[in-house]
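Read the structure below first, then the notes.
The values are calculated or read from the model by the stated rules, or taken from the named source; none is laboratory data. None of the values given here were measured: they were computed from a predicted structure. Cβ placement follows ideal geometry from the backbone for every residue including glycine, while neighbour counts extend to all protein chains displayed.
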Amino acid sequence: FGSDDPLHSQDKALKLLERLKQVSDPPTSRLYSKSEAKAVWYLRESGPRAAAFAPGAPLEWEGWDDAAVAPEKLGAYLRDIRKLMNEYNYRGSFYGHFGHGCIHMRVSFDLETATGIRKYGEFVERAADLVVGYGGSLSGEH
């Protein structure tokens, strides 16, 4: 909430939570303590690694990891990138900063065979064309 004073930030957050209770169909929301927030961030940071190395599933890799589109185009972009992944029989997990349109992905690329590497090259070329077609960026954050 943009304050150097934690109590001021907390006060602003509590006021927002009270205002949200007044809207019809309010979102679920709560204010976390420092220790609770630390636990939530630990889970958030662990999630992509856990998804990438699921027992019995193909390994998932970064390799098309940081594309970004305008937030209002995100839904359509995600549907199209998923279609492209399906064409290549790739599975993967999406995470990132969806409110800003920045997507991180781990994808089941085969990076251990010549055929898999050729397929990966084709995929990233097409994925680049796709994100540029949405007016986006190949690298939205890193």
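Look at (1) closer than 30 Å to residue 124 by Cα; (2) free of Cβ contacts under 8 Å to residues at least 60 places away in the same chain; (3) surrounded by 11 or more Cβ atoms within 10 Å (Cβ to Cβ) and you find that residue 63 fails only one, number (2).
Screening region 123-142 for residues that are surrounded by 13 or more Cβ atoms within 10 Å (Cβ to Cβ) and free of Cβ contacts under 8 Å to residues at least 12 places away in the same chain and picking the one that is nearest to residue 45 (Cα to Cα) gives 128. Among the residues of region 95-127, those that are part of a loop (DSSP other than H, G, I, E, B) and touching a helix residue (DSSP H, G or I) at 6+ places or on another chain (Cβ under 8 Å) comprise 101, 109, 110, 111. Note on region 22-35: residues that are surrounded by 10 or more Cβ atoms within 10 Å (Cβ to Cβ) and closer than 23 Å to residue 6 by Cβ amount to 3. Put simply, of 120, 95 the only residue that is over 18 Å from residue 78 (Cα atoms), aromatic (Phe, Trp, Tyr) and either crowded, with 17+ Cβ neighbours inside 10 Å or out of contact with any Cys (no Cβ under 9 Å at 6 or more places or on another chain) (or both) is 120. Would you confirm whether or not region 36-49 contains a residue that is surrounded by 11 or more Cβ atoms within 10 Å (Cβ to Cβ) and either among the hydroxyl-bearing types (Ser, Thr, Tyr) or under 25 Å from residue 138 (Cβ atoms) (or both)? Yes - at least one qualifying residue is present in region 36-49. The criterion of being exposed (fewer than 11 other Cβ atoms within 10 Å of the Cβ), free of Cβ contacts under 8 Å to residues at least 60 places away in the same chain and of a type outside the set (A, V, I, L, M) holds for residue 72.
Among the residues here, residue 57 qualifies as out of contact with any helix residue (DSSP H, G or I) (no Cβ under 8 Å at 6 or more places or on another chain), surrounded by fewer than 13 Cβ atoms within 10 Å (Cβ to Cβ), among the small types (Gly, Ala, Ser) and not in a helix (DSSP H, G or I). Please specify each residue of region 88-142 satisfying the condition of being in contact with an Asp or Glu (Cβ under 9 Å, 6 or more places away or on another chain) and polar (S, T, N, Q). 93, 108, 137, 139 - these are the residues of region 88-142 that are in contact with an Asp or Glu (Cβ under 9 Å, 6 or more places away or on another chain) and polar (S, T, N, Q). Evaluation of residue 81 against the conditions (1) part of a helix (DSSP H, G or I); (2) modelled with pLDDT under 85; (3) crowded, with 16+ Cβ neighbours inside 10 Å shows that the sole unmet condition is (2).
Let's see how each residue does on (1) within 13 Å of the chain's Cα centre (by Cα); (2) among the aliphatic types (A, V, I, L, M):
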site	(1), (2)
85	no, yes
94	yes, no
100	yes, no
109	no, no
120	no, no
126	no, no
130	no, yes
133	no, no
